[in-house]
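Below is one structure, written out as structure tokens; the observations come after it.
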Amino acid sequence: MRISALSSGDLLREAVRRGDPLGKEAAGYMRRGALVPDRLVLDLILERLEGIGPESSFALDGFPRTREQAKALDEALAAGGQAPVDLAVDFMISAEKIIRRLAGRRICGGCGANHHLETAAPERPGTCDRCGGILQARPDDAPDTIRRRLEVYRQQIRPLAAHYRAQGKLRQVPGDLSIEGQYEALAGMLKREGRDG
Ligand code: AMP
């Protein structure tokens with residue numbers, strides 16, 4: 001089965017890079033590790049979802065992050081004749097491990113490829129394996145901003161798990177595995193759910 005992937009964070013970072021009015025408004029929130037206002041995120045994501053046909057499957061990464069976003073998503077899918085959200089995946093990982101992961105993450109300024117100083121180190125330090133671009137830490141992966149993002153998660157995003165649990169859609173998957181182990185855990189869950197095509 002072909003699954004399209006959409007990441008709200010990636011879409012926002014693209015809008016910031018392009019200097020779109022939406023990106024200009026979102027940038028300050030992102031730099032501080034705060035949530036971007038719902039109306040901006042919804043503008044970006046819902047427009048993309050419209051482009052995905054009703055027969056296609058898709059995975060949303062980092063969206064929805066608030067109840068308002070979840071509600072707007074449900075309404076948009078219904079209005080577009082698309083199937084409702086069927087599963088929400090909760091990756092289980094400690095705050096300590098998240099901090100290690102984010103602090104070691106390095107993104108290519110050229111092609112956006114992800115590397116990690118410990119688990120996916122580039123062959124040449126500071127240089128992207130894929131395109132030779134320069135690797136940088138994400139500005140919001142600075143330690144103080146990571147702490148802020150974890151607090152935002154606890155207060156604003158975590159309650160969404162209860163929303164999907166109440167609908168019988170929440171599935172918990174370990175989130176602290178190697179890249180291959182992570183893939184296996186997610187693929188195994190989708191297979192058990194009969195979503196592997
Ligand atoms: P991410 O790449 O998912 O870690 O997101 C990076 C940043 O983009 C977050 O810290 C927020 O500032 C913003 N962001 C991404 N997705 C959303 C969303 N669904 N709602 C609000 N803000 C978001």
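Excluding Ile98 itself, what net charge comes from residues whose Cβ is under 11 Å from its Cβ, given Lys and Arg +1 and Asp and Glu -1?
Overall, the nearby charge balance is +3.
List the GluC sites (Glu not before Pro) within the stretch 1-75 that fall in a DSSP loop (any state other than H, G, I, E or B) and whose Cβ has at most 10 other Cβ atoms within 10 Å. Walk me through the intermediate numbers first.
Working: sites: Glu14, Glu25, Glu47, Glu50, Glu55, Glu68, Glu75; in loops: Glu55.
Taking the stretch 1-75 and a limit of 10 other Cβ atoms within 10 Å, the loop GluC sites (Glu not before Pro) found are Glu55.
Among rounded, prolate and oblate, which fits the stretch 113-194 when a ≥ b ≥ c are the square roots of the eigenvalues of its C-alpha gyration tensor, a/c under 1.5 means rounded, and a/b larger than b/c means prolate? Intermediate values should be presented prior to the final figure.
Working: a/c = 3.30, a/b = 1.44, b/c = 2.30.
The shape class here is oblate.
Need one number: nm distance between label points at Asn114 and Tyr29, each 7 Å from Cα along Cα→Cβ, rounded to one decimal.
The answer from the label model is 2.2 nm.
Once you wrap a convex hull around the alpha carbon atoms of the chain, what is its projected area averaged over all directions, in nm²? Write down the numbers at each step before the final one.
Values: hull surface 46.0 nm².
Across all orientations, the chain yields a mean hull projection of 11.5 nm².
Using Cβ counts within 10 Å as a stand-in for footprinting exposure, how do Phe63, Phe91 rank, fewest first?
Going from sparsest to densest Cβ surroundings: Phe91, Phe63.
As a test, work out the antiparallel percent of DSSP beta bridges whose residues both lie in the stretch 1-157, rounded to the nearest 5.
Numbers: 7 of 12 bridges.
That works out to approximately 60 percent antiparallel.
What whole-number volume per residue, in cubic angstrom, does the convex hull of the C-alpha atoms of the stretch 101-146 give? Let's see the in-between values first.
On the way: hull volume 2.7 nm³, N = 46.
With only Cα atoms used, the stretch 101-146 gives 59 Å³ per residue.
Taking the Cα centre of each part, how many Å lie between the stretch 27-61 and the stretch 175-197?
24 Å
If you project the alpha carbons of the stretch 38-92 onto their three principal axes, what span does each projection cover, largest first, in Å?
So the three principal-axis extents are 30, 24, 15 Å.
Taking only Cα atoms, what is the 0 to 90° angle, nearest 10, from helix 21-32's long axis to the longest principal axis of the chain?
It is inclined by approximately 70 degrees.
Taking the Cα centre of the chain as origin and charging only Cβ (+1 Lys, Arg; -1 Asp, Glu), how large is the dipole, in debye to the nearest 20? Don't skip to the answer; put the middle values down first.
Numbers: 31 positive and 28 negative charges, 111 e Å.
Taking the Cα centre of the chain as origin, the dipole is about 540 debye.
Grab the Cα-Cα distance for Arg138 and Lys169, subtract it from 0.36 nm times how many residues apart they are, and report the gain in nm with one decimal.
Taking Arg138 through Lys169 to full extension adds about 8.0 nm, to one decimal.
No value in this document is a laboratory result; all are computed from the given coordinates. The shown structure was predicted, so the numbers you read here are calculated from the model rather than taken from an experiment. In this analysis, Cβ positions are derived from the backbone assuming ideal geometry, glycine residues included, and neighbour counts consider all displayed protein chains.
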